[in-house]
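First up is the structure itself, then whatever we jot down about it.
The values are calculated or read from the model by the stated rules, or taken from the named source; none is laboratory data. Computed from a prediction, not measured in an experiment: that's the story for all the values here. Glycine gets a Cβ as well: all are built from the backbone with ideal geometry, and neighbour counts include every protein chain shown.
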Amino acid sequence: MDDHLLNPYFFAYNPELLAFENAWVHFMKSGKIKSAVVKKPIADSWKRCRALGLDPMSNKAIPLLGEDRVAEKLRENAEILKTVMPYMDSLYEIVKDSGFIIHYVDADGFILKSVGDRDTMEIAEKTLSFPGANRLEATAGTNSISLAIITKEPIQVAGAEHYVHVFHRWTCSSAPVLSDTGEVICVISVAGRYEMIHRHTLGMVSSVAKAIENEIRIRNINAQLVENNNRLQTTMEMVLEGAVYTSDGKIIQINRRMCGLMGDALENIIGRNATEVIITTPDIGRFLGNATRAYENEEVIIHGGGQNYGCFLDVRPVMGESGNEIGKVVIFKSIHEIKALAGKIKNRAKYNFSDIIGESKAIRESKALALKAAEHNIRIVLEGESGTGKEMFAQAIHNRSARKDYPFVAVDCGALPIELLESELFGYESGAFTGAKKEGKPGVFELADGGTIFFDEIGNMPSEMQQKLLRVLQESVVTRIGGTKQIPVDVRVIAAANVKLEDLIAEGLFRHDLYYRLNVAHIRTPALRERREDIPLLIEAFLSRMSPAKRKRVDKRAMAALTSYDWPGNIRQLQNAIEYAAIMCKNDTVFVEDLPLELHKGQALRMIGDAERQPNLRQAMGEYVRHVVDANKDNISHAAKILNVSRSTVYKFLREEGGEYDT
């Protein structure tokens with residue numbers, strides 16, 4: 001370092017500035033801190049700058065943002081600038097015409113706003129101290145702005161305390177504005193000629209920064225109060241079955257729907273103890289009595305207004321500023337409404353291969369192929385009649401695959417009208433069409449990203465949608481309606497059809513290129529009539545899931561009727577038949593007459609036909625007819641209707657069985 005850079009007359013009026021300069025020169029030559037005048041934060045910063053290889057005689061490395069980027073950053077900082085600018089203007093009024101400039105610096109170290117005298121601003125531009133310039137240590141060396149960001153403390157840097165020589169004629173005092181969590185929001189900096197150095201400047205900047213922090217804190221508190229109040233009010237209005245806010249066990253706020261459930265007027269409820277007026281099973285007191293304890297989806301029954309309502313109960317504590325509980329929000333969610341919503345949106349796969357019941361050859365072959373396909377990220381076509389469990393297979397494949405922790409989204413191609421199908425699949429941007437949400441909406445491909453989409457009844461998909469689906473499968477990107485941005489998606493597609501897609505291709509109703517894209521693995525879900533040996537296992541499973549009051553055993557003749565029936569509705573129809581029989585039977589055993597009419601009619605006709613051809617079966621048939629007649633209290637007409645035969649045929653079997661009956 002050349003000694004001629006120092007001018008003793010230049011620094012004669014301020015020995016401290018000269019001491020800084022001497023210490024700086026010594027460090028630049030030797031890399032060692034010689035003088036105690038160098039404060040520790042400054043010394044540490046010099047060492048970091050030297051380690052980074054910064055050139056102290058150059059300012060070319062300082063990054064400068066273009067006008068567009070500065071404008072963008074100003075937009076990002078617009079909210080905080082509303083608070084800061086009045087303080088900067090007030091501060092400028094104090095230092096006006098004194099050679100100082102005031103900077104607003106964002107948390108990334110970029111100067112975004114500057115206020116100062118005209119001549120000072122011109123000098124600042126020559127040393128790259130204007131909006132768009134960066135003041136982080138790694139680019140601008142030791143300076144008060146970077147140290148305020150690093151230390152999160154106010155600091156003053158004067159003259160040769162700056163690492164880069166071009167800044168030696170400046171004194172800068174900077175103070176960070178911190179958030180409640182201690183993060184730097186911005187920095188307020190006051191810079192002037194080095195001879196203007198004064199400790200009061202730092203105190204002034206620190207006071208302004210603290211004032212800004214306090215105002216931000218107050219605004220945040222007010223915003224939080226408004227937000228909390230709006231959230232509570234919105235919750236109170238949105239919950240269908242009722243909402244209550246309590247404090248110290250007393251009802252402070254309640255919506256009208258809850259008043260209706262309780263069968264009382266609002267003015268008679270507010271201020272009263274919640275356990276006195278909200279009668280539930282189990283008692284609501286057990287949920288309100290535990291301080292700071294939250295509850296979710298607790299099943300309760302509300303008794304009020306002469307009726308009982310099944311609900312899920314949510315309880316959330318409301319915390320005060322000091323961390324203590326100041327109240328509880330209690331929300332009653334209608335079980336009926338929740339189940340209805342769950343029926344509309346299917347985004348979770350709950351079935352596994354263990355849930356697919358059966359030991360027949362047909363079902364074992366289908367499960368084996370599905371298990372193999374699940375291990376590979378390939379597309380699958382599930383083909384089978386309605387009610388054979390295609391979605392159960394799809395969910396089991398998803399849960400067995402590497403995508404099991406990601407969404408499973410089911411799309412019923414037959415249930416959605418064509419005008420809604422495209423927006424459901426691909427989503428839309430704001431204003432894409434009349435009635436579109438202003439914030440836009442993602443489609444199921446975006447929602448299922450990383451997971452699986454199950455297209456049920458894909459044979460019903462319109463041809464124009466088939467073409468768009470093919471493009472997504474080919475390119476793995478979607479474009480929302482009304483948008484131009486291509487959104488990458490990674491989904492596995494499983495398609496299901498209750499007809500042969502090849503037949504639809506032959507009829508020109510389904511694209512052959514889409515079929516070959518989808519049909520990497522083809523799995524057929526067998527009809528129930530093709531695996532009759534699985535019917536008793538399925539019946540046993542259905543009965544075991546029923547409540548103890550509905551659980552029954554099945555009579556041998558009823559089981560024969562169930563296993564011999566062709567089941568056009570497959571497993572779904574079988575399950576419905578078992579539930580119907582469990583309700584209709586008079587004791588703990590399901591008999592043929594307890595089955596749906598189409599089942600025991602067919603069974604009776606088969607047994608009567610066999611008895612006519614084989615005399616050794618006549619006695620068994622006679623016993624069966626006698627059983628049906630007895631069950632109908634000797635009403636021959638009713639028995640004949642159940643057996644689907646004429647009254648004379650019933651009399652014929654009864655006479656052979658023994659007994660006198662008038663015709």
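From ILE62, ILE33, ILE42, grab the single residue that is touching a helix residue (DSSP H, G or I) at 6+ places or on another chain (Cβ under 6 Å), surrounded by fewer than 18 Cβ atoms within 10 Å (Cβ to Cβ) and among the β-branched types (Val, Ile, Thr).
Values: ILE62 fails: surrounded by fewer than 18 Cβ atoms within 10 Å (Cβ to Cβ); ILE42 fails: surrounded by fewer than 18 Cβ atoms within 10 Å (Cβ to Cβ).
Being touching a helix residue (DSSP H, G or I) at 6+ places or on another chain (Cβ under 6 Å), surrounded by fewer than 18 Cβ atoms within 10 Å (Cβ to Cβ) and among the β-branched types (Val, Ile, Thr) holds for just one of ILE62, ILE33, ILE42, which is ILE33.
Does any residue of the stretch 525-547 turn out to be in a helix (DSSP H, G or I), over 18 Å from GLY389 (Cα atoms) and in the same structural domain as ILE357 (by TED's automatic domain parsing)?
no
I want to confirm something. Restricting to the stretch 126-140 and keeping residues that are more than 18 Å from TYR104 (Cβ to Cβ) and either modelled with pLDDT of 95 or more or of a type in the set (D, E, K, R) (or both), which single residue is surrounded by the most Cβ atoms within 10 Å (Cβ to Cβ)?
GLU137
Can you run down the residue pairs with Cβ atoms below 7 Å, 6 or more apart or on separate chains, where the first is in the stretch 536-559 and without any contact (Cβ under 8 Å) to a residue 12 or more places away in the chain and within 16 Å of ARG572 (Cβ to Cβ) and the partner is aliphatic (A, V, I, L, M) and in a helix (DSSP H, G or I)?
Short answer, once both residue conditions are applied: none.
Quick check on my filter: what residues within the stretch 483-501 are surrounded by 15 or more Cβ atoms within 10 Å (Cβ to Cβ) and more than 24 Å from the chain's Cα centre (by Cα)? Before you say what the answer is, go through the steps one by one.
Within the stretch 483-501, the subset surrounded by 15 or more Cβ atoms within 10 Å (Cβ to Cβ) is 483, 487, 489, 491-499, 501.
The answer is ALA495, ALA496, ALA497, ASN498, VAL499, LEU501.
Every residue, every condition in (1) over 19 Å from VAL84 (Cα atoms); (2) in contact (Cβ under 8 Å) with a residue 40 or more places away in the chain, yes or no:
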| residue | (1), (2) |
| --- | --- |
| LEU147 | yes, yes |
| GLU161 | yes, yes |
| SER179 | no, no |
| VAL184 | no, yes |
| ALA191 | no, yes |
| THR201 | no, yes |
| SER206 | no, yes |
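Which of the residues spanning the stretch 308-338 are assigned to a strand (DSSP E or B) and touching a residue at least 40 places away in the same chain (Cβ under 8 Å)? Quick ask: steps written out before the conclusion?
Initially, the stretch 308-338 is screened for residues assigned to a strand (DSSP E or B), giving 308-319, 325-334.
If the condition is that a residue be assigned to a strand (DSSP E or B) and touching a residue at least 40 places away in the same chain (Cβ under 8 Å), then TYR309, CYS311, VAL318, ILE326, GLY327, LYS328, VAL329, VAL330, ILE331, PHE332, LYS333, SER334 are the ones that fit.
Of the residues that make up the stretch 405-417, is at least one in a loop (DSSP other than H, G, I, E, B) and under 17 Å from ALA521 (Cβ atoms)?
Checked against the condition, which is being in a loop (DSSP other than H, G, I, E, B) and under 17 Å from ALA521 (Cβ atoms), the stretch 405-417 yields no hits at all.
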